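Below is one structure, written out as structure tokens, with a few remarks after it.
Each reported figure results from applying straightforward, stated rules to the coordinates on display, with no laboratory input. Being a predicted model, the structure only gives us computed values, none of them experimental. Here the Cβ positions follow ideal geometry from the backbone for every residue, glycine too, while neighbour counts run over all protein chains shown.
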Amino acid sequence: MTTPFPNPTRFLFFTGKGGVGKTSTASATGLELARGGKRVLIVSTDPASNLDTVLGTELGMTPTPIAGVEGLHGMNLDPDEAARNYRERVIGPYRGVLPESSVASIEEQLSGACTVEVAAFDEFAGLLAGSEMADPFDHIVFDTAPTGHTLRLLQLPAAWSTFIDENERGASCLGPLSGLKNQQERYQAALAALSDAERTTLVLVTRPEEGALEEAERTRVELAAQGVENQLLVVNGLFEPTSAGDELADRIARVGRAALEHMPEPLRALPRIDIPLKAHNVVGLEALGSFFEGEAGMGDADEAPAAAVGETYPGLGVLADEVAADGHGLVMFMGKGGVGKTTMATALAVELAGRGLPVHLTTTDPAAHVQNTLGADVEGIRVTRIDPKAETDAYRQKVIERSRGSLDAEGLALLEEDLESPCTEEVAVFHAFTRVVFSAKREIVIMDTAPTGHTLLLLDAAGSYHREMLRNAREGTNVGTPLMYLQDPAHTRVVLVTLAETTPVQEAAHLQDDLRRADIEPFAWLVNRSLAASETSDPVLRARARAEAEEMKNIQEHHASRLFVVPWSAEDPRGARILQALAGAA
Amino acid sequence: MTSTSRQFNVYDPSMCCSTGVCGPEVDTALVRFAADLDWLAKQGASVRRYNLAQEPDAFAREETVRNVLIQEGVGALPLIVMEGEVVSRGRYPTREELNGWAGLGEEV
């Protein structure tokens with residue numbers, strides 16, 4: 001047995017860009033600790049969790065024993081379910097006591113994005129601060145959502161504590177948190193646990209890629225500023241060609257080595273664990289058991305010529321043809337973190353601009369760096385981003401300005417105080433998102449979205465807003481809510497980006513279900529970084545390519561009427577030239 | 001300056017918070033009313049505010065309020081109850097009205 005952590009702390013947080021292998025690394029760590037005789041709980045805080053699949057056991061909101069491993073438990077901290085439980089705690093006692101219309105109105109009010117976020121956070125704080133659920137475990141391993149969402153979760157204890165402290169008039173805008181306002185001690189205990197190096201380790205998981213390493217560095221800085229100083233780096237998916245002479249394999253290895261050489265210095269100073277690229281997906285206890293071992297695992301044994309595997313599919317160029325024909329509209333790239341949404345959105349924008357069409361390229365991901373991906377400015381592309389902090393400040397300013405005429409000094413002071421509520425951020429971001437959705441009536445808007453969970457919360461907000469608008473609208477008047485535009489195929493094309501691997505495909509299918517529940521039908525799926533669409537003779541890469549071809553067949557048969565495929569880019573996909581080449585490849 | 005010792009209970013409809021800043025649009029009428037209540041409290045009145053979404057217990061406990069909800073539905077909110085009597089329903093009153101009910105009898 002390999003124990004990657006010589007002196008593991010009670011809390012272990014695994015974080016990093018989506019798709020870097022947080023769940024595999026966290027699960028393998030939990031498994032090792034349990035096999036060493038410890039009682040271990042693995043918790044996923046990702047609203048789009050796939051911990052069930054990786055551990056091979058169906059999980060819920062309470063610790064579930066993992067069959068076959070003494071002492072190992074798993075649970076999903078599902079924000080939607082947390083919010084449902086919270087709502088039921090509030091509403092349950094009044095069913096049959098208050099009339100049904102009153103109960104329904106409470107329920108509707110407790111359905112917003114803020115409730116969802118707060119309820120999940122409250123469960124999370126409970127695990128850190130100590131609770132009946134948490135106390136029996138020697139170690140609690142957190143498999144977190146992609147960076148942006150997780151940073152927000154880790155910063156909330158401080159945000160709410162400060163707001164409660166500073167709000168002199170009894171904190172009128174605690175929003176949905178008011179039911180929890182006596183729990184401030186708990187948030188402070190959670191905060192203390194996070195910043196105690198004896199109790200908490202932050203494990204930054206990354207791949208040997210420049211973008212993932214840069215994101216790891218940003219997370220390191222932000223969380224160190226929050227007092228989370230005990231940090232460790234895991235580099236997952238290191239690749240060395242089995243034999244010389246395969247062009248793609250050589251380039252992948254070279255790009256990886258170069259990324260590691262240029263790693264930001266402070267990251268280099270952290271203790272580090274390297275994990276080789278596996279020939280097969282890490283799913284199930286058996287695969288997890290050998291996760292930390294040095295062997296890359298067996299690839300294809302046969303000698304095969306360098307050739308693409310499987311059928312060919314249309315690339316981004318075909319998508320560009322259709323968007324260009326409309327001349328306006330919204331293309332939203334959605335999917336789990338790390339599948340390449342930013343790269344695909346930027347490549348499509350470059351392709352359209354190359355045809356002389358003006359494009360508005362934007363992102364809702366607080367952690368995204370579209371401009372980095374694009375490199376130098378490209379003529380015809382206007383880049384914007386929805387920055388939560390800037391949007392919140394602008395929103396506060398706007399609301400105060402608008403109210404100046406109708407409120408006296410006291411009223412304004414009260415409003416200003418309430419606008420300090422952390423809830424305001426959700427509202428401000430939603431307003432900015434709405435503006436972008438509407439602007440696609442007149443221009444081509446390519447939108448890179450935040451990883452799934454975060455985006456679902458945004459759509460949820462669009463849903464509550466939609467219902468509220470409809471309720472308030474007079475009969476016979478026309479209301480156009482952002483949700484209506486997102487549902488209209490003539491206005492919006494949702495492209496689900498995924499990798500052709502078991503877990504990402506399952507995750508994309510879940511996302512598709514969620515979208516359909518909101519009456520949004522995805523336009524197409526897009527498989528990014530396809531080895532099957534590249535040419536290679538490397539045994540490990542070929543084994544992965546063959547599995548991919550199967551997955552793509554599965555996508556077409558079960559999930560998507562239209563499928564686009566973009567090959568693995570042997571170069572780091574940044575800058576207009578490389579992106580346009582990617583868009584042109586089919 | 002006269003003062004009042006009357007008790008006002010305000011029963012709000014379900015909302016995110018009493019100024020509505022975390023709803024889809026900020027309603028300045030809500031903010032103004034919050035400021036008016038602040039003013040009323042400064043005149044000595046005892047003011048309590050309940051939000052249906054956050055403190056349903058207050059609505060269930062008070063027979064007057066529960067009966068209004070049963071007979072008229074949530075459309076009767078906001079409900080202003082002074083010394084146990086319903087003085088206003090279905091809208092937010094002005095500062096002048098609050099002043100009158102409180103028996104302050106001065107210019108506002």
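Specify the inter-centroid distance of the stretch B:57-85 and the stretch A:232-266, based on alpha-carbon positions, in whole Å.
Going from one Cα centre to the other spans 68 Å.
Can you list the residues, at least 5 places off or on another chain, whose amide H is less than 5 Å from the amide H of residue A:444, using H built in the peptide plane?
A:329, A:360
Among A:341, A:278, rank each residue by its count of other Cβ atoms within 10 Å, from fewest to most, as a rough exposure measure.
Least crowded to most crowded, the residues run A:278, A:341.
With r as the distance between the Cβ atoms of residue B:3 and residue A:518 and R0 = 45 Å, compute the FRET efficiency 1/(1 + (r/R0)^6) and round to 0.05.
Between residue A:518 and residue B:3 the formula returns 0.25.
So for each of A:251-258, A:198-205, A:512-519, A:138-145 I average, over its residues, the number of other beta carbons within 10 Å; can you give me the resulting order with the highest mean first?
Final packing ranking: A:138-145, A:198-205, A:251-258, A:512-519.
Looking only at other chains, what is the average number of their beta-carbon atoms within 10 angstrom of each beta-carbon in A:91-101?
Mean inter-chain Cβ contacts per residue within 10 Å come to 4.
In nanometres, what is the gap between the two model label sites at residue A:95 and residue A:470, each 7 Å from Cα along Cα-to-Cβ?
Taking the simple label geometry, residue A:95 and residue A:470 are separated by 2.4 nm.
Give me D for the stretch A:475-586 in µm² s⁻¹, whole number, from Stokes-Einstein with Rh from the Kirkwood sum over alpha-carbon pairs, 4 °C and 1.567 mPa s.
D = 82 µm²/s.
Can you give the Rg to Rh ratio of the stretch A:258-297, both from alpha-carbon atoms, with Rh computed by the Kirkwood formula?
Reported Rg/Rh (Cα atoms, Kirkwood Rh): 1.10.
Rounded to whole Å and ordered largest first, report the semi-axes of the equivalent ellipsoid of the stretch A:310-452 derived from its Cα gyration tensor (root of 5λ).
Each semi-axis is √(5λ); the values are 36, 16, 12 Å.
Could you let me know the centre-to-centre spacing of the stretch A:383-431 and the stretch A:117-136, using Cα atoms, in angstrom?
If we compute the Cα centre of each part, the gap is 31 Å.
Could you work out the mean count of beta carbons from other protein chains within 10 Å of each residue's beta carbon in A:405-414?
5
Counting other C-beta atoms within 10 Å, which of A:263, A:133, A:334, A:552 has the fewest, and how do the rest follow?
Least to most surrounded, the residues fall as A:133, A:263, A:552, A:334.
Within 10 Å of each Cβ of B:65-71, how many other protein chain Cβ atoms are there on average?
The shielding value for this peptide is 2.
Please report, for the Cα atoms of the stretch A:320-372, the Rg to one decimal and the Dmax as a whole number; what are they, in angstrom?
11.4, 32
What's the long-distance tail for the stretch B:26-108, i.e. % of Cα pairs beyond 14 Å?
66 percent
Arrange the following residues from fewest to most other Cβ atoms within 10 Å of their Cβ: A:124, A:14, A:438.
A:438, A:124, A:14
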